[in-house]
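*Asks:* The structure follows.
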Amino acid sequence: MEKTKILLFISKSSIYFQTTMEEFQKLLKTLEEMQPFTSEVIDVNENPEMAEKYKVDALPTLIIGDKRFIGQPKAEEIMKIVKSADKK
């Protein structure tokens, strides 16, 4: 089974950084039970070429496979979307 790639684009200087990381950790913990994945947190200030490669123009941006979440969705909301996509 191929591992799903999960990328979180953030800025460590953002006032939302801590909240975003907490939700990301919850999401990873839930996903761990469902499917194999690799994850990476990318600070756009330290790695602007990755943000450009993935066409990230708003923060935070979470990319799971071919799905993109912009802003601060809760882990539960993301899981509903991921689970519904798995059923297709």
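*Asks:* Most mobile of M50, M21, M34 per a Gaussian network model of the chain (Cα springs, under 10 Å)?
*Replies:* M34
*Asks:* If the elastic network links every pair of Cα atoms under 10 Å, which of E49, E76, E23 fluctuates the most in the Gaussian network model of the chain?
*Replies:* E49
*Asks:* Mind putting a number on the dipole of the chain about its Cα centre? Charges go on the C-beta only, +1 for Lys and Arg and -1 for Asp and Glu, and I need it in Debye to the nearest 20.
*Replies:* Its charge dipole is roughly 360 debye.
*Asks:* To continue, here is another question. Please report the antiparallel percentage of the DSSP beta bridges confined to the chain, to the nearest 5.
*Replies:* Once the DSSP bridges in the chain are tallied, antiparallel ones form about 55 percent.
*Asks:* Take the alpha carbon atoms of region 46-70, find their center, do the same for region 1-38, and report the distance between the two centers in whole angstrom.
*Replies:* 13
*Asks:* Just tell me which lysines come within less than 24 Å, Cα to Cα, of K29; anything on the same chain fewer than 8 places away is out.
*Replies:* Here the lysines satisfying the reach criterion relative to K29 are K3, K5, K12, K67, K74, K80, K83, K87, K88.
*Asks:* Right, something else. Who wins for biggest fluctuation among I42, I78, I15 in a Gaussian network model of the chain, springs between alpha carbons below 10 Å?
*Replies:* I15
*Asks:* How compact is the chain by the rule of thumb for globular proteins, expressed as Cα Rg over 2.2 N^0.38 Å?
*Replies:* 1.05
All of the numbers you see were taken from the coordinates with simple rules; none came from a lab. Just so it is clear, the structure is predicted and the values come from calculations on it, not from any experiment. Here Cβ is always computed from backbone atoms with ideal geometry, including for glycine, and neighbour counts include all displayed protein chains.
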